[in-house]
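Report on one structure; see the data block that follows.
Derivation of every value follows stated rules applied to the coordinates shown; laboratory data play no part. Model, not experiment: these values are computed from the prediction. Heads up, the Cβs are rebuilt from the backbone with ideal geometry, glycines too, and the neighbour counts pull from every protein chain shown.
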Amino acid sequence: SFSDDPSDAKGFRTVYTGPAHPYGEALWPIPALGIGYGETKIIETHDFIKSIVENTEVSPNFNDGYQIALISDAILESAEKATWVSLDQSAENR
């Protein structure tokens, strides 16, 4: 982890995607190719079709999105009221 790095090596890094990364053998057969919109759509489609074939749930899913929406709403409510807001409270009032 970054906290374990020597003090002269801490800071931002450039990570070159390649075959060692998830989906790397298919998308980045050589290191240092970028990840763009096309690659993200390929990965999403792959995971979606795989979940259908294997009858498994893909993540993130609609429930994950719903939970994020609740968190976002609580953040807005907290900012408007200038106080802490419980996620359970926020969800109950909807």
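Within the same chain, lysines fewer than 8 places from Lys41 are excluded, and of the rest, those with a Cα less than 19 Å from its Cα are Lys50.
Dipole check for the stretch 4-46: with +1 at the C-beta of Lys and Arg, -1 at the C-beta of Asp and Glu, and the Cα centre as origin, the magnitude is about 120 Debye.
Counting every other Cβ atom within 10 Å of each residue's Cβ, Ile35, Ile52 order from fewest to most as Ile52, Ile35.
Going by how many other beta carbons lie within 10 Å of each one, how would you line up Glu77, Glu57, fewest first? Ascending Cβ contact count within 10 Å gives the list Glu57, Glu77.
Taking square-rooted eigenvalues a ≥ b ≥ c of the alpha carbon gyration tensor, is the chain rounded, prolate or oblate, where a/c under 1.5 means rounded and, failing that, a/b exceeding b/c means prolate? It comes out oblate by the Cα gyration axes.
Based only on other Cβ atoms within 10 Å, what is the fewest-to-most ordering of Glu39, Glu25? The partial results should precede the final answer.
On the way: Glu39 16, Glu25 11.
Arranged by neighbour count, lowest to highest, Glu39, Glu25 become Glu25, Glu39.
For trypsin sites (Lys or Arg not before Pro), the sites in the stretch 1-92 that DSSP calls loop and that have at most 12 other Cβ atoms within 10 Å are Lys10, Arg13. For the stretch 1-43, chymotrypsin sites (Phe, Trp or Tyr not before Pro) meeting the loop criterion (DSSP other than H, G, I, E, B) and having at most 15 other Cβ atoms within 10 Å: Phe12, Tyr16, Tyr23.
For the chain, what is the charge dipole size about the Cα centre, in debye to the nearest 20, if Lys and Arg each add +1 at the Cβ and Asp and Glu each add -1 at the Cβ? If you can, show how the numbers build up before the last one.
Numbers: 6 positive and 15 negative charges, 51 e Å.
Using Cβ point charges on Lys, Arg, Asp and Glu, the chain gives about 240 debye.
To the nearest 500 deg cm²/dmol, what mean residue ellipticity at 222 nm is calculated for the chain from DSSP H runs of n ≥ 4 alone, each contributing -39,500 (n - 2.57), summed and divided by the residues? Counting only the DSSP helices, I get -16000 deg cm²/dmol.
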